[in-house]
Ligand SMILES: N[C@@H](CCC(=O)N[C@@H](CS)C(=O)NCC(=O)O)C(=O)O
């Protein structure tokens, strides 16, 4: 088994944090080209999904998408549960994790990928075709990021963690979103006090260093 990773990128970190929380060790290879926004050509030609994280099993099967990889390990190692135990917990965690990816991480990405020269003609990850940058999503991504932060701040007013009483993959994706947004100079606004307190708590977990 091998996990294809990219130390500089937010999506592989979702899996690294998950594995650290579980105490699972997986042989890992960083396939990023140092000091660039590129994945190594050998990885891209062997993996048409063209994105990391990517888990390759011993039989050659390749599992892409961070949450699909976590789901695989969750089935093998259910304790401690990070994707819920009861049907209701599982559904709520899936819901909030998807909100974090689609309304948070992707909002920051649209700001990031459309504004950096490194990603000229690569405005969306995972395509071999040229996809040109456009200016409008830079501002829209910043606005959507802020709206996401306000949504999670409100959710945390009634919940210890993003999807309820327990730390879960929804917290992991939200944490990765905030750190990626900080890198893009889109910090959590001071008014989102509950979210900022939660951020301090989850950042203090040893897994956050992954
Ligand atoms: N939805 C995917 C997103 C994966 C993704 O976008 N990965 C980025 C790194 S954060 C990537 O591989 N980018 C390759 C590229 O930019 O060419 C997941 O959950 O794994």
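Values quoted throughout were computed directly from the atomic coordinates according to the rules given, and no laboratory measurement underlies them. None of these values were measured; they are calculated from a predicted model. Here the Cβ is made from the backbone with ideal geometry for all residues, glycine too, and neighbour counts use every protein chain on show.
Pairs linking a residue in segment 59-81 that is without any contact (Cβ under 8 Å) to a residue 12 or more places away in the chain to a residue that is within 15 Å of the ligand (Cβ to nearest atom) and not in a loop (DSSP other than H, G, I, E, B), with Cβ atoms under 6 Å and 6 or more positions apart or on different chains, are 63/55; 63/69; 63/72. For residue 102, the stated conditions hold: it is within 15 Å of the ligand (Cβ to nearest atom), closer than 25 Å to residue 154 by Cα and surrounded by fewer than 20 Cβ atoms within 10 Å (Cβ to Cβ). Would you check if there is a residue in segment 27-41 being within 15 Å of the chain's Cα centre (by Cα) and under 23 Å from residue 209 (Cα atoms)? No, segment 27-41 contains no residue that is within 15 Å of the chain's Cα centre (by Cα) and under 23 Å from residue 209 (Cα atoms). Every residue in segment 39-58 that is touching a strand residue (DSSP E or B) at 6+ places or on another chain (Cβ under 9 Å) and surrounded by 15 or more Cβ atoms within 10 Å (Cβ to Cβ), please. Result: 39, 40, 43, 47, 50, 51, 52, 53, 54, 55, 56. Selection of first residues in segment 114-129 that are touching a residue at least 40 places away in the same chain (Cβ under 8 Å) and of second residues that are in a loop (DSSP other than H, G, I, E, B) and crowded, with 16+ Cβ neighbours inside 10 Å, restricted to Cβ pairs under 6 Å at least 6 apart or on distinct chains, gives the following pairs, ordered by first then second residue: 118/37; 119/37; 125/51; 126/51.
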